[in-house]
Ligand code: GLY
């Protein structure tokens, strides 16, 4: 069984590419890397890679990570500039037993020395949106306007599993701000014995519940992937409610070693792409806990 799931409709092309690679016998880590890189390369997606929206000072800084569900090794970069595909840096770093998570200049130096493509990730369109937002005085005080991390989980024919994430983080974030995406247990977790999970949405909320680890931990204790996502999400929602707070945007995806996937969201609708041994399709998870396949018209209308 080969299976792959990715956050948002934007991951559809990447998931299709990753599934094709798995079909051709690619390693699970490579298939996830290529699926995420496909999304990073598209400037139409303004929350990931090339074309990502800048921080307050006009810089695009990326967070990305990759985890091997067999060895539990992980690699990642955070607050890194000018790495064309941050996930490719994570792919190299996941091979390491130490120094596998690098930030800022250290991450950039590593990528340069590893021969990875370096490029300014700012497009003229992204810079125009940044200038426009700065001109609106309240935008800087309210940087969260909805954004999305690409997360991809995969299972290959040999039962290997991997999880990858990539994001340029919040538009107008404070320089140096890091979200959940490169943080193991929060943005992603993968243990091939029990499954993989990843999160998208507001990192500051996701980190409070270590939500990806929580999903895998629930699966370890016997929950199905859908149930595990719903329980992890609702558990944090209830916990924050006791503090008098309303949890902001969070969505979760999960995949089991049997290739069964699940998702949950605090949004009205959360689109994701998934496929098994063939074509990828778009699914819609709702805040009511239900998930269904999107019709072609619905799929095209999703972010
Ligand atoms: N979930 C990505 C971020 O908050 O940056």
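Read the figures in this text as sums done on the coordinates, not as results from a lab. What you are looking at is a predicted structure, and each value in this text was computed from that prediction instead of being measured. As a convention, Cβ positions derive from the backbone with ideal geometry for all residues, glycine included, and neighbour counts pool all protein chains shown.
Give the relative contact order (percent, whole number) for the chain; include only Cα pairs under 8 Å separated by 6+ residues.
Numbers: 842 pairs, mean separation 65.9, N = 303.
It rounds to 22 percent for the chain.
The order of 46, 123, going from fewest to most other C-beta atoms within 10 Å of their C-beta, is 123, 46. Considering every alpha-carbon pair of the range 8-145, the percent of pairs per 10 Å bin, from zero through the bin containing the longest distance, is 13, 37, 34, 13, 3, 0.
Averaged across orientations, what area in nm² does the convex hull of the alpha carbons in the range 210-293 project?
Working: hull surface 22.3 nm².
Averaged projected area of the range 210-293's Cα convex hull equals 5.6 nm².
Based on the Stokes-Einstein relation at 4 °C and a viscosity of 1.567 mPa s, and on the Kirkwood radius from alpha carbon pairs, the range 128-247 is assigned a translational diffusion coefficient of 83 µm²/s.
Let me have the 222 nm mean residue ellipticity of the chain computed from DSSP H runs of 4+ only, each contributing -39500 (n - 2.57), with the sum over all residues rounded to the nearest 500. Before the final figure, lay out each step's value.
Details: 9 runs with 94 residues, N = 303.
Counting only the DSSP helices, I get -9000 deg cm²/dmol.
Tell me, in nm to one decimal, what length is gained between residue 118 and residue 136 on full extension, where the rule is 0.36 nm per residue of separation less the Cα-Cα distance?
On the way: separation 18, 0.36 × 18 = 6.48 nm, distance 3.19 nm.
In short, 3.3 nm is gained.
When only alpha carbons are used to place a centre, the range 42-118 and the range 258-277 end up 25 Å from one another.
Where does each of 295, 166, 287, 251 land when they are ranked from fewest to most other beta-carbon atoms within 10 angstrom? Write down the numbers at each step before the final one.
Working: 295 11, 166 34, 287 14, 251 28.
Listing 295, 166, 287, 251 from fewest to most nearby Cβ atoms yields 295, 287, 251, 166.
With only Cα atoms counted, the range 1-50 has Rg and Dmax values of 10.6, 33 Å. With neighbours defined as other Cβ atoms within 10 Å of a residue's Cβ, the residues 247, 161, 118, 67 order from fewest to most as 118, 247, 161, 67. Within the chain, the proportion of Cα pairs with more than 31 Å between them is 21 percent.
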